[in-house]
Amino acid sequence: MSYIGVTGFSKREEVSAALEAYKGNNRKLMVGVLATWKSLRGIPMKPIWAKQTPDPQDIKNIFIDDARALNLVHFSTEEGQEHSIADDMLAIHRLGGEHIHGFQLNMTWPSIDQLRTYKEKVSGECYIVLQIGRHAVESAGTPFMVSSILTEYRGVVDAILLDSSGGRGKPFDAERARHILLAIRDKMDDIGLGVAGGLGPHSLDLLEPLLTDFPDINIDAQGRLRNEENELDSRLVRFYIYKASLLLA
């Protein structure tokens, strides 16, 4: 499953506008909604993230039943709270309603046992994307070791998203990404591959060095789709979807 992703939706009407702009091709539109260990417990967050993260009780009202949509909750935990990952995912899954399709896990090499526990207890299929961020790459050390660690998640994780930006709009290094993605594909040719970091309607050229080797690559955008008030800008979202659809047709 390939997708064009937008992360940071907090209102149903934002999703409706994005789907209206998406004319569809052979990809899904990944609808990303943020949730955290703190938001699940009503604990205050930094303002930059609080504005992008809805009340978990509202997630079910944000996701829309549309065949073109891949509805994922982007979940992050707190250091020292990794023992609750499975329980938190199950709680969010229930709050996500009938149209939730799965998760993107924004955490460094989470416990495989926790993920297996979640998948064993949840009813129906669940698509899981593992974000491989800067800390995950640094802790592994080399592209080969990133791919070696990732093989332990076979059968649990469906796709990875290489993202050193963490939603802040910092551009990714295409050549470095290419080496890591090639190493992963060499060991796991059945896993979905994706990149994020600095993508938006005016920076999709960052992808061009990767498209020959990875024509089905998944992408996600977040920071560069927000305005000065840290609100999701529908104009930027529409333009990004339009340009990405042409580039990745």
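Nothing in this text is a laboratory measurement; each read-out follows from the coordinates by a stated rule. Quick caveat: nothing in here was measured; it's all calculated off a predicted structure. Heads up, the Cβs are rebuilt from the backbone with ideal geometry, glycines too, and the neighbour counts pull from every protein chain shown.
From the mean inverse distance of alpha carbon pairs (Kirkwood) and the Cα radius of gyration, derive Rg over Rh for the chain. Here the Rg-to-Rh quotient is 0.93. Springs between Cα atoms under 10 Å define the GNM used for the chain, and in it the highest mean-square fluctuation of ASN25, ASN218, ASN71 occurs at ASN25. Relative contact order of the stretch 105-205, taken over Cα pairs closer than 8 Å and 6 or more residues apart, is 29 percent. Within a straight-line Cα-Cα reach of under 21 Å, LYS121 can be paired with the following lysines, leaving aside sequence neighbours fewer than 8 residues apart in one chain: LYS60.
Database remark: amide H of MET30 closer than 5 angstrom to the amide H of ILE4, GLY5, VAL6, LEU70 (H placed geometrically; neighbours at sequence offset of 5 or more, or on other chains; Pro and chain starts carry no H).
Which aspartates and glutamates, if any, have their Cα less than 19 Å from the Cα of LYS11, not counting same-chain residues under 8 positions apart? Reachable aspartates and glutamates: GLU20, ASP55, ASP58, ASP65, ASP66, GLU98, ASP220, GLU228, GLU229, GLU231, ASP233. Sequentially through the stretch 131-145, phi angles give Karplus couplings (6.51, -1.76, 1.60; θ = phi - 60°) of 6, 10, x, 4, 5, 5, 5, 5, 5, 6, x, 9, x, 4, 6 Hz, Gly and Pro residues having no value and appearing as x.
Once C-alpha pairs closer than 8 Å and six or more residues apart are averaged by separation and normalised to the residue number of the stretch 3-247, the relative contact order reads 20 percent.
Can you give me the Cα centroid spacing of the stretch 140-193 and the stretch 21-64 in angstrom? So the separation of the two Cα centres works out to 23 Å. Which of the lysines could a cross-linker span from LYS23 if the Cα-Cα distance has to be under 20 Å and same-chain partners fewer than 8 positions apart are dropped? Correct list for LYS23: LYS243. Charge dipole of the chain (Cα centre as origin; +1 on each Lys and Arg Cβ, -1 on each Asp and Glu Cβ, all else neutral): 320 debye, rounded to the nearest 20. Here's how it looks for HIS74: its modeled amide H is under 5 Å from those of VAL33, LEU34, ALA35, GLN104, which are all 5 or more places away or on a different chain. Phi angles of the stretch 93-100 translate, via the Karplus equation with coefficients 6.51, -1.76, 1.60 and θ = phi - 60°, into HN-Hα couplings of 4, 5, 5, x, x, 6, 9, 6 Hz per residue; Gly and Pro are given as x.
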